[in-house]
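**Student:** Right, I'll just put the structure down here and ask away after.
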Amino acid sequence: MSESREGRAERLLGQLHRWAMEAIELPREQRDAYIIEVATQYYDDAVKNGLNGAQAEEWRENIDDWLHSLVEAIETSGGATGGHA
């Protein structure tokens, strides 16, 4: 069972990284809207998959926070351009 959880966690981390890289590709002024859109979709999917509204909202907030943090970290390190920190 723990291996299944680890697999899900790895998939989520991979997806978060892909979303963060997509956000980095956008102009800076469009990034927040993109992250909100992704987090909202994640909320909708969580509800469809059985989480109650409060649980789904907590996940939405986590996705939003994680993506903002990842985008900031990637940007600080130079992102896909090879690092200029």
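The values are calculated or read from the model by the stated rules, or taken from the named source; none is laboratory data. Computed from a predicted model, the values in this text were never measured in an experiment. Ideal geometry is used to build each Cβ from the backbone, glycine not excepted, and the neighbour counts take in all protein chains shown. Accessible surface is based on the protein model in full, side chains and every heavy atom, while ligands, DNA and RNA are left aside. Shrake-Rupley method; radii C 1.70, N 1.55, O 1.52, S 1.80 Å.
**Student:** Against the definition (within 20 Å of Ala73 (Cα to Cα) and open to solvent by less than 50 Å² (accessible area, probe 1.4 Å)), how does Ala20 come out, yes or no?
**Tutor:** yes
**Student:** With the requirement that a residue be surrounded by 13 or more Cβ atoms within 10 Å (Cβ to Cβ) and not in a loop (DSSP other than H, G, I, E, B), what does the range 46-60 give you?
**Tutor:** Scanning the range 46-60 gives Ala46, Val47, Gln55, Ala56, Glu57, Glu58, Trp59, Arg60.
**Student:** Same structure again: Within the range 23-36, count every residue that is surrounded by fewer than 13 Cβ atoms within 10 Å (Cβ to Cβ) and of a type outside the set (A, V, I, L, M, F, W, C).
**Tutor:** So the count comes out to 5.
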